[in-house]
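Structure record follows, encoded as structure tokens.
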Amino acid sequence: MKPLAIMYHDIVEEGNLAASGFSGAGADIYKLDRRDFAKHLEALRAVGNTELRLTFDDGGVSAYTVVAGMLEQFGWRGYFFITTDRIGQPGFLSPQQIRELNERGHKIGSHSCSHPARMSHVPWEKLLSEWELSTGRLAAIVGRPVKLASVPGGYYTRRVAEAAAQSGIETLFTSEPTARVRVVNGCQVLGRYVIRRGMGPEWPAGLAAGKLLPRFRQALLWKIKSAAKGAGGDLYLRTREAILKKV
Ligand SMILES: [Zn+2]
């Protein structure tokens with residue numbers, strides 16, 4: 001089967017959305033309950049795609065308290081992308097937890113320092129420092145170079161990858177729902193399929209099995225979202241917040 005990456009965020013107990021990661025409606029839509037995530041893992045095991053990468057954004061503490069142990073029960077390891085300015089804050093991983101995840105065989109990567117609202121709009125120097133300082137901080141914690149990263153908020157442009165490449169990042173995950181691999185100045189750029197709260201196990205299983213319908217549905221939604229982001233910019237963010245507050 002073809003390599004494929006799936007993007008999760010926090011996994012929480014029984015709807016306790018504030019327990020891990022960023023707070024607010026925009027973050028909550030990506031948080032799954034442990035019970036539902038367990039069903040996802042069972043469904044993924046049944047598919048048996050050994051090329052599957054399970055990634056977890058933001059650096060919420062659930063990576064350590066919930067996710068890692070669940071993955072290990074299946075003999076799997078996760079990709080954890082950490083917002084380094086948040087390290088040690090309530091709801092986020094501590095340096096010791098990050099170190100232990102690394103020692104247990106999980107992959108540790110950067111999710112920028114500050115999780116800018118729009119990474120693609122950040123000036124070049126700031127973009128470079130977001131990647132350089134975050135990978136440097138993580139490298140100091142795990143004791144070896146960190147060459148993995150994911151783009152915060154899905155705001156990817158080629159420039160974001162160029163800055164990543166210049167900062168020594170060799171593999172960069174985006175939020176674009178694609179299995180296609182690109183290379184930008186030596187940095188491998190990989191898409192991911194997102195999982196939101198409320199998506200049943202048929203979603204990751206269907207994606208991992210290479211079924212086209214869930215892929216097409218995500219690709220279509222992505223196109224609509226990208227158009228809104230491009231045309232609206234701030235308006236997109238405000239509208240998104242406004243819509244999320246109503247549900
Ligand atoms: Zn994020």
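Descriptive notes on the structure:
- Among the residues of this structure, GLY210 does not count as one that is at pLDDT 90 or above and of a type in the set (Gly, Ala, Ser).
- In the set (1) in contact with a Phe, Trp or Tyr (Cβ under 9 Å, 6 or more places away or on another chain); (2) within 16 Å of the ligand (Cβ to nearest atom), ALA27 fails one condition alone, (1).
- Matching residues in the range 1-24 - criterion: being more than 16 Å from the ligand (Cβ to nearest atom), in contact (Cβ under 8 Å) with a residue 12 or more places away in the chain and surrounded by fewer than 18 Cβ atoms within 10 Å (Cβ to Cβ): MET1, LYS2, PRO3, GLU13, GLU14, GLY15, ALA18
- Residues of the range 31-48 satisfying the condition of being surrounded by fewer than 19 Cβ atoms within 10 Å (Cβ to Cβ) and either within 15 Å of the ligand (Cβ to nearest atom) or not hydrophobic (A, V, I, L, M, F, W, C) (or both): ASP33, ARG34, ARG35, ASP36, LYS39, GLU42, ARG45, GLY48
- Single residue of the range 49-82 satisfying the filter (farther than 25 Å from PRO3 by Cα and within 15 Å of the ligand (Cβ to nearest atom)) that is surrounded by the fewest Cβ atoms within 10 Å (Cβ to Cβ): VAL61
- Listed by position, the strands (runs of 3 or more DSSP E) enclosed by the range 161-213 that each have at least 3 residues that are surrounded by fewer than 19 Cβ atoms within 10 Å (Cβ to Cβ) are 181-184.
- Residues within the range 86-101 that are buried (at least 17 other Cβ atoms within 10 Å of the Cβ) and either within 13 Å of the ligand (Cβ to nearest atom) or assigned to a helix (DSSP H, G or I) (or both), tallied: 5
The values are calculated or read from the model by the stated rules, or taken from the named source; none is laboratory data. All of these numbers come straight from a predicted model, not from anything done at the bench. Positions of Cβ are generated from backbone atoms using ideal geometry, with glycine treated the same way; all protein chains shown enter the neighbour counts.
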